[in-house]
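S.K.: Supplied in structure tokens, the structure appears directly below.
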Amino acid sequence: MSPPPLPEREDIALLEPFEGLGLKDIRVVASAEDAADAAAALRASRVVGFDTESKPTFAKNEVSGGPHLIQFATREQAWLFQLHRSEFHDTLATLLGDPGLTKAGFGLSSDLSLIRQRFGVEPQGVLDLDSEFRRRGYRRSVGVKTAVALVFERRFVKSRKATTSNWANRQLTDAQLRYAANDAYAAIRVFDALGLRA
């Protein structure tokens, strides 16, 4: 039996917006103590939404120095780790390498190769939701916008300005914080909606 058809861009544009996390539910990790608290909350959740952001490269042979931001989300809140801060890199490497923490996200192959380069750690417990949609019979790649439209009949709002913004900035804007957090948050929500288990 073939799966329901994927919504097209024009159909998605007509949907009501997806309700994401607000700023009050987004934590920017600012110290080793913050990182330890975040790690405890994330491990307690056992499955989290996961994504990374890198400063975009525009020149032909320019190499990304990313990721510059790694984000995790539970069903209630998100934690954003800015990688210019080295004091919590050990905690972050441990989270990334923890096979007991399922990290669900979309289109993660380039994120994972950048993490390997930057941390020298092999990410464990990673579930690319695009692979899950393929397993269910979809031939086309399913990203976060299409997945949210398919399972929630909602429009996931992604600002092009935020997508191409400088993720290496020390001070991220409110728009960047919301964008990054909700990429990870949408992934955990889709994970749940698909009836997946950690």
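The values are calculated or read from the model by the stated rules, or taken from the named source; none is laboratory data. Quick caveat: nothing in here was measured; it's all calculated off a predicted structure. As a convention, Cβ positions derive from the backbone with ideal geometry for all residues, glycine included, and neighbour counts pool all protein chains shown. The area values use the complete protein model at the heavy-atom level, side chains included, leaving out ligands, DNA and RNA. Shrake-Rupley method; radii C 1.70, N 1.55, O 1.52, S 1.80 Å.
S.K.: For a quick protection proxy, order the peptides 151-162, 42-53 by their average other-Cβ count within 10 Å, most packed first.
M.R.: So the order, starting with the most tightly packed, is 42-53, 151-162.
S.K.: So, one more: How many lysine pairs does the chain hold where the Cα atoms are under 23 Å apart and the two sit 8 or more places apart or on different chains?
M.R.: For the chain, the number of qualifying lysine pairs is 12.
S.K.: Which one, L14, L96, L150, has the greatest fluctuation when you compute a Gaussian network model over the chain with C-alpha springs under 10 angstrom?
M.R.: So, out of L14, L96, L150, the one fluctuating most is L14.
S.K.: Related question: Can you name the helices of the chain, as whole DSSP H runs, whose Cα span along the helix axis is 18 Å or more and whose Kyte-Doolittle mean is not below -1.0? Walk me through the intermediate numbers first.
M.R.: Working: long enough: 32-45 (20 Å, 0.17); 174-193 (27 Å, -0.06).
Answer set is 32-45, 174-193.
S.K.: Amide H neighbours of D51 under 5 Å, counting only residues 5+ apart in sequence or on other chains, H built in-plane at 1.01 Å?
M.R.: Q71
S.K.: Nearest 500 deg cm²/dmol is fine: what mean residue ellipticity at 222 nm does the chain get from its DSSP H runs of n ≥ 4 alone, each adding -39,500 (n - 2.57), divided by its residue count?
M.R.: Details: 8 runs with 78 residues, N = 198.
-11500 deg cm²/dmol, from helical runs alone.
S.K.: By average Cβ neighbour count within 10 Å, what is the ranking of 25-36, 181-192 from highest down? If you can, show how the numbers build up before the last one.
M.R.: Values: 25-36: 16.6, 181-192: 25.3.
Most protected by this proxy first, the peptides run 181-192, 25-36.
S.K.: Using a 1.4 Å probe on the protein chains only, how many percent of the accessible area of the chain belongs to carbon and sulfur?
M.R.: Details: 4940 of 10330 Å².
Looking at the chain in its full context, I get 48 percent from C and S.
S.K.: How long are the three semi-axes of the equivalent ellipsoid of the chain, in whole Å, if each is the root of 5 times an eigenvalue of the C-alpha gyration tensor, listed from largest down?
M.R.: Values: eigenvalues 135, 73, 58 Å².
Value: 26, 19, 17 Å, ordered largest first.
S.K.: Okay, next question. What are the equivalent ellipsoid semi-axes of segment 1-95, built from the alpha-carbon gyration tensor (square roots of five times its eigenvalues), in whole angstrom, biggest first? Don't jump to the answer; show the numbers that get you there.
M.R.: Working: eigenvalues 171, 93, 37 Å².
Ellipsoid semi-axes (Å, largest first): 29, 22, 14.
S.K.: OK, next. What whole-number value in Å² describes the accessible area per residue of the chain for a 1.4 Å probe?
M.R.: Numbers: 10330 Å² over 198 residues.
Heavy-atom SASA per residue in the chain reads 52 Å².
S.K.: Follow-up. Based on the Cα atoms of segment 49-143, what semi-axes does the equivalent ellipsoid have, where each is the square root of 5 times one gyration tensor eigenvalue, given in whole Å with the largest first?
M.R.: Working: eigenvalues 99, 70, 30 Å².
Ellipsoid semi-axes (Å, largest first): 22, 19, 12.
S.K.: Might you report the magnitude of the Cβ-based charge dipole of segment 11-58 about its Cα centre, with Lys and Arg at +1 and Asp and Glu at -1, to the nearest 20 debye? Write down the numbers at each step before the final one.
M.R.: Numbers: 5 positive and 9 negative charges, 45 e Å.
Here segment 11-58 has a charge dipole of around 220 debye.
S.K.: In segment 1-158, what percentage of the DSSP-assigned beta bridges are antiparallel, given to the nearest 5? Walk me through the numbers before you get to the answer.
M.R.: Numbers: 10 of 21 bridges.
Once the DSSP bridges in segment 1-158 are tallied, antiparallel ones form about 50 percent.
S.K.: If the convex hull of the alpha-carbon atoms of segment 128-198 is projected onto planes in all directions, what is the mean projected area in square nanometres? Before the final figure, lay out each step's value.
M.R.: Numbers: hull surface 22.8 nm².
If you wrap the Cα atoms of segment 128-198 in a convex hull and average its projections, you get 5.7 nm².
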